[in-house]
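Only one structure is covered here, and it is reproduced in the block below.
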Amino acid sequence: MPAPLAPPSPRREATPTGRLPAAVLMTGSCLPVLGAVLLAPVLPRMQDHFGNVPGSAALVPLVLTVPALALALLAPFAGMIVDKLGRKRLLIIATALYAVFGTAPLWLDSLHTILISRILVGVTEAAIMTACTTLIGDYYSGELRDRYLALQTMCASASATLFFVLGGALGAANWRAPFWLYAVGLLIAPVMARVLPAPLPPTQEGTTVPQETRHPFPIRRMAGICLLTVFGAVVFYTVPVEMAYLLDDLGTDSTGTIGAVTAVASAATVLGSILFTRLAPRLRPLPVLLALCALGFLLMGLADGLPLLITGAIVNCVGTGMLLPSLVTRAMARLDFADRGRGMGLWTAAFFLGEFLCPLALLAGKEAVGSLAAAVAVLGAASALVAASLLPAARRTAQPGVPTGVQ
């Protein structure tokens, strides 16, 4: 009687050795964060420069936000291209074009052409983020994959603070100066080509898995995790986006204090990502993570002074630091090799759609309940309700024989 086939595993030659490939993927994952925060400190100077352009009051802020919107809209298509063209090839091309389009405002004099270049930056960011996350899923498996996906969150959170500081320092000289940092893509792309192996499909006894053994794309299961990710992204970005306004409502308008509190919150997110890699899956079920985020929001909403607000932010950010890698690992667990690019494109789109909706949701909540703090408390209550609704699925996942991370 023939021995049973072993479960699919990546071919040996497609598995990267050493930590350099992982470091390159982490660096690539930080590039979309660069676009999200780098230009925030120089927007007032850009506003002054283009003050005579009709509609500049609305167009200049779009320079900062339009790449995230383009990323959210185009990531699903980037995922399809990832599966067709190849992960590594698309990543290298997109990283090089990221540098070209990102530095274009150094030479462009029209606000409208700068906006077009920013949309193109968003296109490349969609490809970069989708390809990096897909390659992590291709190269690694099990706890190592979870660890690198958590590290991806940690690097993104830490780099956001660094890029904000760099943008402010360079912007002190000239509003165009921060755009030079986009040239880093020209340095990273050749390194990607050199150190990243081309991923190969899973094999069974050395033979590529035949097409008929592959399952249809899991659209229903991906729809559920993507919808949850939109909400999770709103939860994730609330503290970074709204903290300065919450501090201002409490009478704290010192830029030094705002910067210090933001740095503490970012450090808490990093701590959450580290805890995600240290805790066993059964100790970090999704309902518990959402409940932790909810508790932080409720403390922030009830805060009448700085200590309680900071405490709530820390609790919330520890939760979000674990929430994001938990969502992406659950999405990854639903995908076969052939569908991984498309699936992670959908997940990336869902996450950045949540980022785009976050300030709009809080603004609508503020208008409905009368204050930003109350709106944050309402979001905390909503997070608690979502956590409660996920409890039955979490209990089924915890049963013996049910793979952890699938729910």
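Throughout, read-outs are computed from the coordinates displayed, never taken from laboratory work. Being a predicted model, the structure only gives us computed values, none of them experimental. Note that each Cβ is placed from the backbone with ideal geometry, even for glycine, and that neighbours are counted across all protein chains shown.
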Query raised in the report: Principal axis lengths of the chain from Cα atoms, whole Å, largest first?
Result: 78, 49, 34
Query raised in the report: Taking the highest mean first, how do the peptides 267-276, 370-379 order by number of other beta carbon atoms within 10 angstrom per residue?
Result: 267-276, 370-379
Query raised in the report: Mind ordering 176-185, 106-115 by average Cβ neighbours within 10 Å, highest first?
Result: 176-185, 106-115
Query raised in the report: In whole Hz, what ³J(HN,Hα) sequence does the range 296-302 give by Karplus (6.51, -1.76, 1.60; θ = phi - 60°), x for Gly and Pro?
Result: x, 4, 5, 5, 5, x, 8
Query raised in the report: Over the range 242-330, one equal point on each Cα, no solvent: what is log10 I(q)/I(0) by the Debye formula at q = 0.16, 0.20 Å⁻¹?
Result: -0.62, -0.86
Report summary line: With R₀ set to 22 angstrom, the calculated FRET efficiency between the beta-carbons of V53 and A172, to the nearest 0.05, is 0.40
Query raised in the report: Computed FRET efficiency, Cβ-Cβ of V369 and W180, R0 51 Å: what is it to the nearest 0.05?
Result: 0.75
Requested in this report: Only Lys, Arg, Asp and Glu count, each charged at its Cβ (+1, +1, -1, -1), so figure out the dipole size of the range 219-398 about its Cα centre, rounded to 20 debye.
Outcome: 1160 debye
Query raised in the report: How high is the relative contact order of the range 219-398, in percent, counting Cα pairs under 8 Å that sit 6 or more residues apart?
Result: 36 percent
Query raised in the report: With each label point set 7 Å from Cα along the Cα-Cβ vector, what nm distance links E143 and L62?
Result: 5.0 nm
Requested in this report: Take the Cα radius of gyration of the range 219-398 and divide it by 2.2 N^0.38 Å, with N its residue count; two decimals is plenty.
Outcome: 1.03
Query raised in the report: On full extension of the chain, what length is gained from S254 through L283, given 0.36 nm per residue of separation minus the C-alpha to C-alpha distance?
Result: 6.5 nm
**Report entry** Principal axis dimensions, the range 46-138 - Cα atoms, whole angstrom, descending
**Finding:** 50, 22, 18
**Report entry** Tail weight of P(r) past 18 Å, computed on alpha-carbon pairs of the range 84-187, percent
**Finding:** 59 percent
**Report entry** Spin-label model distance (nm) - L108 vs L306, 7 Å beyond Cα toward Cβ
**Finding:** 4.1 nm
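What do you get for Rg/Rh over the range 16-201 if you use C-alpha atoms and the Kirkwood form of Rh?
Taking Rg over the Kirkwood Rh, I get 1.00.
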**Report entry** Theoretical FRET efficiency, 1/(1+(r/R0)^6), r = Cβ-Cβ of A40 and S389, R0 25 Å, to 0.05
**Finding:** 0.10
**Report entry** Check: the chain dipole with +1 on Lys, Arg Cβ and -1 on Asp, Glu Cβ, in debye
**Finding:** 1240 debye
Requested in this report: Set Lys and Arg Cβ to +1 and Asp and Glu Cβ to -1, take the dipole of the chain about its Cα centre, and tell me which of P287, G232, P307 lies farthest positive.
Outcome: P287
Report task. Quick one: work out Rg over Rh on the C-alpha atoms of the range 146-196, Rh as Kirkwood radius. Result -> 1.09
Requested in this report: Highest first, please rank the peptides 326-332, 336-342 by the mean number of other Cβ atoms sitting within 10 Å of their residues.
Outcome: 326-332, 336-342
